[in-house]
Structure formats: structure tokens, C-alpha cells
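Single-structure report; data block below.
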Amino acid sequence: MHILLNVSIPHEDFNAAVRDGSVGQKLKRILDDLRPEAAYFTEMHGQRGVVLVVDLPDASKIPALAEPCFLTFRANVEFKMIMSPIELANAGLEELGKKWA
């Protein structure tokens, strides 16, 4: 299952890592651990943000996705399940539509 992680990073912790020179190492460690299929850095609600697409083999791995962000930057993490067009095509929407019509 693919998961979209929206990570919002508070200014204080990220600024401290920028000032002490550890920000690159910390971000690399998180990305190396999570191995996202895609990673985009952006703004979220006025804070620094990261959007990650990761493959989640099962729900028991959710803490392994969130804790590095929580513990390193005290970040807020939102999870959204996502599907590719192929996965959506295989979802059986026509059958569901007939069942619930």
C-alpha cells in the first residue's frame, strides 16, 4: 500500500539543526531510513514541510514512518492512503456501484 506522508516541521527544531550544522545529516538519515519513492520539500501551514510517498507493507510499520520525524524534529505527520491509476482501475468500482445502487 502506498502512503502519502505530509510532514510539518516546527521552526525551532529545524532552525537549531541549521544553526549547528546537523540539518543535512538529520534529513539524510530520515530519508535513508524511510526510503521514499518520492520526496518534496515545501511549506505547510507556514512551517517547513516535506511530502513523502512511501510503500507500506503493513500497518505495523506506521510507527517506523512517523517516529524518525517525531523524534528528530518534533514534526507533525499526517498519513493518507493513496492509489495509482492502475490500483484505482482494479478497485472494482463498477461492482460496488451496482451493489450500492
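The values are calculated or read from the model by the stated rules, or taken from the named source; none is laboratory data. What you see is a predicted model, and the numbers here were worked out from it, not measured in a lab. Cβ atoms come from the backbone with ideal geometry, glycine included; neighbour counts cover every protein chain shown.
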Query - Criterion violated by Ile86 - all others in (1) among the β-branched types (Val, Ile, Thr); (2) within 17 Å of Asp13 (Cβ to Cβ); (3) free of Cβ contacts under 8 Å to residues at least 40 places away in the same chain satisfied - result: (2)
**Report entry** Test set (1) touching a strand residue (DSSP E or B) at 6+ places or on another chain (Cβ under 7 Å); (2) at pLDDT 95 or above; (3) of a type in the set (A, V, I, L, M, F, W, C) - Leu56 fails condition number
**Finding:** (2)
Query raised in the report: Which of the residues belonging to region 62-83 are in a loop (DSSP other than H, G, I, E, B) and either without any contact (Cβ under 8 Å) to a residue 40 or more places away in the chain or farther than 21 Å from Pro10 by Cβ (or both)?
Result: Met83
Report task. Would you be able to tell me the number of residues in region 27-61 that are part of a helix (DSSP H, G or I), surrounded by fewer than 14 Cβ atoms within 10 Å (Cβ to Cβ) and not charged (D, E, K, R)? Result -> 2
